[in-house]
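In what follows, a structure is listed as structure tokens, so that the remarks can point back to it.
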Amino acid sequence: MFKTLNYKRVYRTINEKNLLHNINEINNFKNQSSEIMAVVKADAYGHGSVKISKILENNGVKIFAVATLEEAVELRKNKIKGEILILGYTNIEHINTLIKYNLIQTIVNYEYAEAISALNLKKSLKCHIKINTGMNRLGEEYYNITKIKKMYDMKSLNVLGIFSHLAVADSQKREDIDFTYKQIERFDACIKHLETLNIDVKKKHLQGSYGLINYPELEYDYIRMGIMLYGVKSDLDDEVPLNLKPVLSLCSRITQIRTINPGDCVSYGCDFVANKTMKVATVSIGYGDGLSRSLSNTNYEVMVNNHPCTIIGRICMDQLMIDVSHISNVQREDEVIIFGEHNTVEVLAKHQNSITNEVLTSLTSRIEH
Ligand SMILES: *Cc1c(COP(=O)(O)O)cnc(C)c1O
């Protein structure tokens, strides 16, 4: 909107250097036999999927994963040439769109494969078969070898790979580690069984970001990297053996500054009452931009001119207020970094009892790129 004007009410900035740094970190850590599949679903976790995918494609990434058909088509319309795997379900009516845009569809189970087969497609559909190894979300059961074999043999399907998903790869609890090994075992046994039936299973993949860092010894063809590509952990307290650097900063602007007196309140509900004379700034971002209202009254700090400032009072739909008493040179239109390299989204997520994945993908289209 208003592209000719420089002023943006609320905006995101991408640090390309940090993105490339993260790719490098991951490449140096992973097995040399596996390749990064960049997960750019949900607008690349709020970073902007086209922009991120273009940077990644220019730096050697050859395969992308999205959640939906719409997300995949957007990448194709914006000239992303690499392979694109849709991790989610696509309605049968849209199978021809998948073929038209040269996309790879996840086959969620045998019954879905049969429904596609019944369409008598002129051209076969590129796909990866999803195997359920215990998460019980999408996938054909790992032990239904006959059905899985039949899917490989279907004329309508051009099966290019097989994958599953780990449910507790981020956990350090003994029972969760045991469960993950059980999932790995089931996936491997399924593949082995298919191979004894002379099926070339093609590309295999199981790990996401946490699967990589906690089970680095695995040697599948792809690692589906989402959150850590963007330089953040899901949870601040997770231990990660990579030196990640955050890619996204969320910024807004100060729109007004005033002085309030002891006893004066701030924002809806008058939750916040000043106990001293204070300088308060209004900032043009709110929960309508995707910043959770549950951050209100948490002592979370945004940055203004390199000074941390706490959010005071309730966050409104389009605005919030911060304490700038300790900053002498603060002015209207000064930039406010809601989260970035110093005040990370990991810390923000902690303050609202969430994970960074949710915070990043909650940002709305009102936030300019
Ligand atoms: C979202 C998703 C990923 C990426 O997970 P991260 O933890 O963000 O790396 C990988 N695989 C599947 C199936 C997903 O849905």
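Just so it is clear, none of the values below were taken in a lab; they were calculated from the coordinates. As the structure is a computational prediction, the values presented were derived from the model and not from experiment. In this analysis, Cβ positions are derived from the backbone assuming ideal geometry, glycine residues included, and neighbour counts consider all displayed protein chains.
Cross-link list K155/K202; K51/K245; K30/K173; K17/K100; K77/K204: which exceed 26 angstrom alpha carbon to alpha carbon? Among K155/K202; K51/K245; K30/K173; K17/K100; K77/K204, the Cα-Cα distance tops 26 Å for K17/K100; K77/K204. When both segment 299-369 and segment 50-66 are represented by their alpha-carbon centers, they are found 29 Å apart. Modelled this way, with points 7 Å down the Cα-to-C-beta line, the labels at R76 and L20 are 3.1 nm from one another.
Relative contact order, whole percent, for segment 197-297 stands at 17, derived from Cα pairs under 8 Å and 6 or more residues apart. For segment 211-293, taking Cα atoms only, Rg and Dmax work out to 21.1, 63 Å respectively.
For the chain, the Cys residues with no second cysteine's beta carbon closer than 4.7 Å are C127, C190, C251, C309, C316. When a footprinting reagent is the concern and you count Cβ atoms within 10 Å, what order do I315, I355 take, fewest first? Least crowded to most crowded, the residues run I355, I315. Past the 29 Å Cα-Cα mark, which pairs from K130/K350; K122/K192; K62/K130; K54/K350; K54/K203? Over 29 Å Cα-Cα: K130/K350; K122/K192; K54/K350. In terms of overall dimensions, segment 35-141 has a Cα radius of gyration and Dmax of 14.0, 40 angstrom. Here the Kirkwood formula, the inverse mean of 1/r across different C-alpha pairs, assigns the chain a hydrodynamic radius of 22.5 Å. Would you mind calculating the relative contact order of segment 286-369 from Cα pairs under 8 angstrom and at least 6 residues apart, reporting the percent as a whole number? Normalised by residue count, the contact order of segment 286-369 is 34 percent. A crude spin-label estimate for the pair D318 and K150, with each label 7 Å from Cα along the Cβ direction, gives 5.7 nm. Bridgeable aspartates and glutamates around K81 (alpha carbons under 15 Å apart, same-chain partners fewer than 8 residues away excluded): E57, E71. In this structure the amide hydrogen of I107, modeled in the peptide plane, comes within under 5 Å of the amide hydrogens of H128, I129, K130, none closer than 5 places in sequence on its chain.
Counting only DSSP H runs of at least 4 residues, each contributing -39500 (n - 2.57), and dividing by the residue count of the chain, the helix-based mean residue ellipticity at 222 nm comes to -8000 deg cm²/dmol.
Among E35, E111, E93, the residue with the largest mean-square fluctuation in a Gaussian network model of the chain, with springs joining Cα atoms closer than 10 Å, is E93.
Averaging the sequence gap over all C-alpha pairs within less than 8 Å and six or more residues apart, then dividing by the number of residues, gives segment 211-369 a relative contact order of 26 percent. Model label sites at N261 and T97, defined 7 Å from Cα along the beta-carbon direction, differ in position by 6.1 nm. DSSP bridge analysis restricted to the chain gives an antiparallel fraction near 50%, rounded to the nearest 5. When the chain is modelled as a GNM with alpha-carbon springs shorter than 10 Å, which of I184, I199, I84 fluctuates the most? Of the options given, I199 has the highest mean-square fluctuation.
Note the full-extension length gain between H326 and F29 as 0.36 nm times their separation in residues minus their Cα-Cα distance, in nm to one decimal.
Values: separation 297, 0.36 × 297 = 106.92 nm, distance 4.29 nm.
In short, 102.6 nm is gained.
Using alpha carbon coordinates only, what is the Rg to Rh ratio of segment 1-69, with Rh defined as the Kirkwood radius?
Computed over Cα atoms, the ratio is 1.06.
Mind telling me which of D271, D235, D43 comes out most flexible in a GNM of the chain, alpha-carbon contacts under 10 Å? Largest GNM mean-square fluctuation: D271.
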